[in-house]
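The values are calculated or read from the model by the stated rules, or taken from the named source; none is laboratory data. Bear in mind the structure is a predicted one, so any value in this text is a computation, not a measurement. Neighbour counts run over all protein chains shown; Cβ positions are idealised from the backbone, glycine included. What goes into the accessible areas is simple: the full protein's heavy atoms, side chains included, and nothing from ligands, DNA or RNA. Shrake-Rupley method; radii C 1.70, N 1.55, O 1.52, S 1.80 Å.
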Amino acid sequence: MYTISKIYVTTKELIHYKLMMRCVMNTKACEYIVAIAEKKNLSAAAASLGISQPTLSSFLSNTERNLKQTLFTRQKKEFVPTPAGQIYLEACREIIQVKNRTYQSMISLSSQYTDRFTVGVTPHRGSTVFSKAFAQFYRRYPNIYIDIKEGYLVSLLQALDNHETDLVLGSVTKEDMITYNVMQNSIDELYLCVPDFHPLASLASPPTAPKAQINVERFQDTPFVMWGPDTTNRKVVLGRLSEVGMEPTIVYESNNVLLIDQMIQGGVGVGFLPDAYCRPNQHRVYFSLNPPLTCAIGTIYRKNEPLTRPQRYFAYLIAKAQMFSVNPWGVDFNELTMELVKEFEEEDGWTPDN
């Protein structure tokens, strides 16, 4: 049994932020913000956008001035989103995805589609990589329509079982990789985030050093902020806690990574977050578990049902997009993904070594 003590948290400010951003941002501005977050460097981001570094720097300064909020902090020459920046970045990615869907719907008015398939995407990671792959896929297959089904992974895998989706983009457990075919693109580690006033916080490494390892059972009597029941991360975390005989006291839970991030930052309890959210100067420290707590990220599909060539090409583009995502564990292609690379690399002109 897991004890859940409900805490009522107002999200009025977060909602206000999103509404404000939808009014003031255009899609080009969204692309600029996403590029800065992904490249973590103004020069690299400007190069990827085909604009000058001073132009991008001026854009960021003006945007922060207009919002009266700092969107990025500068840490050792890297640009890292602030909490406000994370909210802004999420809205940017959503808007880019809406733009892609709108273009596809407009094109559909004058196009005769010959085929279609459905891709399940999660609100954060899945939607981001989908938007990166969509444009190149459409250039090659303009007559194939991609339906999108949004949700968290538990519901998306159920949709896959029910033949309501053909592919799912997201993170999976070891058990999922037995049940489904998974074209693994990378490995993601979840780090234990601990408020800096916690008695064990002094054991953490300095921000610039590799994260210290710790045994999670040392937090037996500490309240947890937990991932919601629809997420892979919850299964991964509770699986590890069960292995060491822990029954955590859960004081807050959510499927939304931004809310989990804010609750941990507020000192409500300890919790687990991916590396992208483990920022310094957030009144908390970070630990790697012993052994590390990880999950695989990739494209999931049903066993014994081969993908069509367009579906395989789309999965290949997802793997290609992962190459350019920020991930400290790096790319980790399994055999299924390497088959895709071999199938398309020559005609596409890209390999993992490029």
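Just to verify a number: FRET efficiency for Lys342 and Asn162, C-beta to C-beta distance, R0 = 41 Å, to 0.05? Before the final figure, lay out each step's value.
On the way: r = 32 Å, r/R0 = 0.78.
The value I calculate is 0.80.
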Given a 1.4 angstrom probe, I'd like the percentage of the accessible area of the stretch 153-215 that is carbon and sulfur, rounded to a whole number. 53 percent
Scalar couplings 3J(HN,Hα) for the stretch 250-265 by Karplus 6.51 cos²θ - 1.76 cosθ + 1.60 (θ = phi - 60°), nearest whole Hz, x for Gly and Pro, are 9, 9, 7, 9, 7, 7, 8, 5, 5, 5, 4, 4, 5, 5, 5, 4
Would you kindly derive the ³J(HN,Hα) couplings of the stretch 38-48 from the backbone phi angles with the Karplus curve 6.51 cos²θ - 1.76 cosθ + 1.60 (θ = phi - 60°), listing them in order in whole Hz, with x for Gly and Pro? 7, 7, 6, 7, 5, 5, 5, 5, 4, 4, 5
For Ser202 and Ser52 in the same chain, what is the full-extension length gain: residue separation times 0.36 nm, less their Cα-Cα distance, in nm? 49.7 nm
Efficiency of FRET between Thr114 and Val244 - r from beta-carbon atoms, R0 56 angstrom, step 0.05: 0.60
Förster radius 30 Å - calculated FRET efficiency between Asp230 and Thr308, Cβ distance, rounded to 0.05: 0.55
